[in-house]
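The values are calculated or read from the model by the stated rules, or taken from the named source; none is laboratory data. Keep in mind the model is a prediction, meaning the values are calculated, not measured. Cβ placement follows ideal geometry from the backbone for every residue including glycine, while neighbour counts extend to all protein chains displayed.
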Amino acid sequence: MAERTLVQAVRDALAEEMERDPRVCVLGEDVGLKGGVFKATEGLQARFGPERVMDTPLAESSIVAVAQGLALEGYRPVAEIQFADYSFPAFNQIVNEVARIRYRSNGDFGCPLVIRAPTGGGVRGGLYHSQSVEAFYCHVPGLKVVLPSTPADAKGLLKSAVRDPDPVIFLEPKKLYRAGREEVAEGDGALRRLGEAALVRAGRDVTAITYGYLRVVTLQAAARLQEEGIEVEVVDLRTLRPWDVETCLGSVRRTGRVAVVYEANRTGGFGAEVAAELAERCFESLDAPVTRLAGPDVPAMPFSPALEQAFLPDADRIAAGLRRLARF
Amino acid sequence: MATKTQELTQKGGQHRHRALGLSDEAALRIYEVMRLARAIDERMWLINRQGRAPFVISCQGQEAAQVGSAAALEPKKDWVVPYYRDAGVALWFGMTARDEMLQFLARKEDPNSAGRQMPRHYGSRERHILTTGSPVGAQLLHAAGIALASKMRGEDAVTATYFGEGSSSQGDAHEAMNFAAIHKLAVLFICENNGYAISVPQNHQMAIKDLADRAAGYGFPGVVVDGNDVLAVYEAAHEAVKRARRGEGPTLIEAKTYRITAHSSDDDDKRYRQAEEVALWREKEPIPRFAQYLRQARVLSEELDREISDRVNREVDDATDYAESAPDPSPDDLLKHVYAQESR
């Protein structure tokens, strides 16, 4: 066990999987010599060579589609898109190709491919280095979507994603890359299964279902509310597709109150799907309306710190939302 | 600038195929596959016009570009990444008339997609035909990826990807050629330039006359061939394959040809092109042209031609009967093969 930041845990996961399986390779912009703009692939090219850790042209469609070709021919590629915002030039390849390969070939071809991308805001990235893109990809059957928020989860889930026979969109909250350290296991002991949520704080009054950077903020809000005598249960989804409906249902049936807390634009965000499913499945257990605490419906997160802070739900706003629910 | 066919040596005179290393049997096989592709296609239109099938997308007129290039490859070792007109490529790589008709009628037994995809969207892992979708141009990058895998494994397999000049406008086409060039990948980019992107003629798609000229911008050779001369296509593809196997990188082959039919059964080409133009190209059709060559070379007798016609017709009849009586997918099949666990 060693103390690791989230970005170090990502790098460890890649290194371990490349060591374990010669079919695993990494490609993307600046992933080689430079080791990635966030240093997620630092040292990998020196260790595994320029073919297995390949710098590509600045062309996201190429990165995804060449990776798909490698996957179809027996490799286990991990493609890095430098920022999730830049996955859109590859959108056709991800949605129409990668996700549909298995279905359209009636299971003859599969596409074991991981597409990693830093996601979310709060790092002064402006409109095009801050977006939360998960809802686009969660809408697509054939894809899996993972969004961890701790070093141990990042490592364990990335290792599982690499071993998964299907394509995985692996979104890493960049604001948490170096936000803290924790003990992270090595080798297979680090593995985490895809599709399992984590109950990260127990509480009897209200459930907050969250993921990504807002897990941290939701926990701050929960600590504050505890002082007021409100016990918040916090669930980190970790995997968004498939998401762990049962764990969420279990919590909501205990508390009778639930808010989905997410950073993306509110309308059509992944939290809307969670809210709808819970309203449908445990209506009889609810003592208050299922609530969304989300980013505003503006195109993206602005550069100005004042506007960036206004965009990101903070502990005050989340606490206020949860308090309203608890008192409903 | 691209190499032109005229500049290629038209070796062999009356026996060009032998000069190219093709036996009489091989030449006849190319001819028969071209005939079969055409016969299947004509039958599809018939069935469509009788109201028994909703959609046809056609290979007619492009058989030489397809079969001539595929014949330069090694099935099961090399890969083809076709587009939705490439009946000749798919047949050369092992698809049968039955497979074509099963897909055409969207039957459960369709080996390409079990009735999920529209006609002529081929795919078979065993036959090294990559599954392809309808958005054009995307497949060129997959070819680069497959060729990168071959290179990383130290194999000399070649990947040939096919597209129309219409697809060449897509960004993915540019990205693929650039990527393949950087790593000297063993890719054949085979453009079947049939003159139209549905209704838009070439001069509204690009400002250049020869699309193969673009290859120079990526740093590899571009070759223009008469796409209705199957031996010229074979020659260009054969050279490109040799080059690719030597590790010298990709080649762009522009096979100039013509789409004899409308874009699809839902298109009326009279709205955008003159009947005279189509008639002119009918004169230059690749199949009668190759037949004439084979007769002159004394490889094809009238009797043998009749035999081939009979065999092709029997095959198409059998395929039609077989597919028409084959079962549809069951509604339960809708939910299968979204993820791997459901594939087992």
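One line per residue, one yes/no per condition, for (1) surrounded by fewer than 16 Cβ atoms within 10 Å (Cβ to Cβ); (2) assigned to a loop (DSSP other than H, G, I, E, B); (3) not basic (Lys, Arg):
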{"position": "B:TYR31", "(1), (2), (3)": "no, no, yes"}
{"position": "B:ARG35", "(1), (2), (3)": "no, no, no"}
{"position": "B:ALA39", "(1), (2), (3)": "no, no, yes"}
{"position": "B:GLY61", "(1), (2), (3)": "no, yes, yes"}
{"position": "B:GLY68", "(1), (2), (3)": "no, no, yes"}
{"position": "B:TYR83", "(1), (2), (3)": "no, yes, yes"}
{"position": "B:GLY88", "(1), (2), (3)": "no, no, yes"}
Open item on the list: So the check is Cβ under 6 Å with 6+ separation or different chains; which pairs have a first residue in the stretch A:48-72 that's within 7 Å of chain B (Cβ to nearest Cβ) and a second one that's surrounded by fewer than 24 Cβ atoms within 10 Å (Cβ to Cβ) and part of a helix (DSSP H, G or I)?
Closed with: A:GLU51/B:MET152; A:SER61/A:PRO89
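State all residues of the stretch B:300-344 that are more than 30 Å from B:TYR31 (Cβ to Cβ), in a helix (DSSP H, G or I) and more than 14 Å from chain A (Cβ to nearest Cβ); if no residue qualifies, say none.
B:SER325, B:PRO331
Give A:GLN220, A:GLN226 a once-over and let me know the one that is in contact with a helix residue (DSSP H, G or I) (Cβ under 7 Å, 6 or more places away or on another chain), polar (S, T, N, Q) and not assigned by TED's automatic domain parsing to the domain that holds A:GLY142.
Sole residue among the options that is in contact with a helix residue (DSSP H, G or I) (Cβ under 7 Å, 6 or more places away or on another chain), polar (S, T, N, Q) and not assigned by TED's automatic domain parsing to the domain that holds A:GLY142: A:GLN220.
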Task: Unmet requirement for B:PRO111, which otherwise passes all of (1) in a helix (DSSP H, G or I); (2) within 10 Å of another protein chain (Cβ to nearest Cβ); (3) of a type outside the set (Gly, Ala, Ser) - done: (1)
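Provide a single number: the residues in the stretch A:77-90 that are more than 11 Å from chain B (Cβ to nearest Cβ) and not polar (S, T, N, Q).
Number of matching residues: 8.
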Task: the stretch B:151-165, residues that are within 9 Å of chain A (Cβ to nearest Cβ) and within 22 Å of the chain's Cα centre (by Cα) - done: B:THR159
Task: Members of the stretch A:1-22 that are part of a strand (DSSP E or B) and either basic (Lys, Arg) or buried (at least 24 other Cβ atoms within 10 Å of the Cβ) (or both) - done: A:ARG4
